[in-house]
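Visitor: Okay, handing you the structure first.
Please treat every number below as a calculation from the coordinates, not as lab data. These numbers come from a predicted model, not from an experiment. Ideal geometry is used to build each Cβ from the backbone, glycine not excepted, and the neighbour counts take in all protein chains shown.
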Amino acid sequence: MNKAITVSISISLLAMTVSCKDHKQEQTAQVAIPAPTSSLPEKDEMTPEQKRLKEGNKRLGWVMQDLDIPEYKLDKLHKNGELMTESYIKYAIEIVKVAKTAKAVDHPDEKLTYFKNEMLAALAKYEEAFQAKDTEKIKTTWTTLKNACSACHKEYRTSSGGY
Ligand code: HEC
């Protein structure tokens, strides 16, 4: 075989090995995500930390379920430019009320708690804009809030793919 070809083949093989390795490292990095509740042992065999994780996941899940409808409605109203309508006000009050309950969720994962606090900070800004009836600020703070939701989902929401 031509020497130049051999060299080029070895280089591409090397490149493949390197990119494979990179991919593996990415996968290992994801293991930082807390164990899903389903992989935990039975309740009476759990360590206090595992119990805290289970309880934290459960309570966070409850908050998330109640965010589903107001988030969906508000997204639609934003898309249609129907801000501060009767319906908008109803769902904005609801999302603020529900999302605030995330504050009381005790979760052992520090990174998750960081994302939670970022969301609560964005929520406070959104609430402020909403109370001031400042539609321009409502738009920008809504976007920031949604980004804060997605930041956590990207890392922790395993079901339904996240957004
Ligand atoms: C601290 C992390 C975190 C933040 C912040 C967060 N979420 Fe979630 N969310 C999750 C996790 C984890 C799940 C998956 C829960 C499950 O499947 O039990 C989830 C699931 C959901 C679901 C699906 C719930 C269901 O069971 O049908 C909705 C809707 C949702 N989130 C909306 C939001 C909205 C809106 C915000 C921002 C206001 C938000 N989330 C912020 C972590 C977060």
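Visitor: For E128 and R59 in one chain, what is 0.36 nm times their gap in residues minus the Cα-Cα distance, to one decimal in nm?
Guide: 22.2 nm
Visitor: What is the stretch 37-161's relative contact order, in percent, from Cα pairs under 8 angstrom and six or more apart in sequence?
Guide: This gives 22 percent for the stretch 37-161.
Visitor: Applying a 10 Å radius around every beta-carbon, put 52-58, 73-79 in order of their mean neighbour count, most first.
Guide: Packing proxy ranking, top to bottom: 52-58, 73-79.
Visitor: A further question follows. Checking the table K76/K154; K79/K146; K54/K111 against a 18 Å threshold on Cα-Cα, which pairs fail?
Guide: Where the Cα-Cα span goes over 18 Å, the pairs concerned are K76/K154.
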